[in-house]
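There's a structure below that I have some questions on.
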Amino acid sequence: MRGIAVVIFDCDGVLFDSRRSNIAFYNHIRARFDLSPMNEDEEAFAHMHTADESIRYIFQGTGYEQEAQAYRMEMDYSPFVQDMVPEPHLREVLQTLKPRFGLGVATNRSATISEVLRRHGLEGMFDIVVSSLDVQKPKPHPEPLLKILRFFRSTPEQAVYVGDSPVDAQTAMAAGVLFVAYKNPELNADYHVSSLMEIVGLLTPNP
């Protein structure tokens, strides 16, 4: 980890345990059209992809895709934010890293990321937040990470990305940055951790 200057986090599954929130959000939309809740494959897809991609996937063949997209755009997401659980020691880890590293978020969330950070008191903790709305090509395309690198004027060798899904692993590989797999030992990664505090240990080893 020598020479690392920028630490980039995924949101869902890394900063927050948001699976319950995401499931409730998309099942609410399905219920709007009298459809049954998502199956396991649909839940897994929605956890990793953009809202637009998720709606297309979970509404394929139903005849309601366009209506579901329109309904999603007008929904108030705030009731679902309360179901998102910050990972243990999240604030402590960010406060420890912030003086020494540039901090960023690269997420496939769209407009909801601002509300999520605000409601959980994390505004100002990150130097840059890149959502799916801030790029032409969201993850697994490397554009979100490359945009953050340009912001910090850093090279890929100076950055690390913390993620929990195959999409995150593909994004890091495509951008040429080190990848830390969070709570997912099955991923191909440079490092594996099971807690945010372990990331602090990797980045700030004892002398």
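Let's see if you can work this out: charge +1 on each Lys and Arg Cβ, -1 on each Asp and Glu Cβ, no other charges. What is the dipole magnitude of the chain about its Cα centre, in debye to the nearest 20?
700
Can you give me the convex hull volume of the Cα atoms of the chain, divided per residue and expressed in Å³?
Considering the Cα atoms of the chain, their hull volume per residue is 115 Å³.
In the P(r) worked out for the range 19-81, what percent of Cα pairs fall beyond 13 Å?
Of the Cα pairs, 58 percent sit more than 13 Å apart.
Could you pull out the GluC sites (Glu not before Pro) across the range 1-109 that fall in loop regions by DSSP (anything but H, G, I, E, B) with no more than 14 other Cβ atoms inside 10 Å?
none
Rounded to the nearest 5, what is the percent of antiparallel bridges among the DSSP beta bridges in the chain?
10
Can you work out the Karplus-derived ³J(HN,Hα) for every residue in the range 10-15? Use 6.51 cos²θ - 1.76 cosθ + 1.60 with θ = phi - 60°, whole Hz, and x for glycine or proline.
6, 9, 5, x, 10, 6
LYS147: which lysines have alpha carbons under 18 Å from its alpha carbon, excluding same-chain residues fewer than 8 sequence positions away?
List returned: LYS137, LYS139.
Next up: From Cα pairs below 8 angstrom and at least 6 apart in sequence, can you work out the relative contact order of the chain, rounded to a whole percent? Can you show the working numbers first?
Numbers: 328 pairs, mean separation 52.4, N = 207.
In percent, rounded to a whole number, it is 25.
What angle, in degrees between 0 and 90 and rounded to the nearest 10, separates the Cα long axis of helix 166-175 from the longest principal axis of the Cα atoms of the chain?
Helix 166-175 sits at roughly 50 degrees to that axis.
Since every read-out is calculated from the coordinates, none of them should be taken as a lab result. What you see is a predicted model, and the numbers here were worked out from it, not measured in a lab. Positions of Cβ are generated from backbone atoms using ideal geometry, with glycine treated the same way; all protein chains shown enter the neighbour counts.
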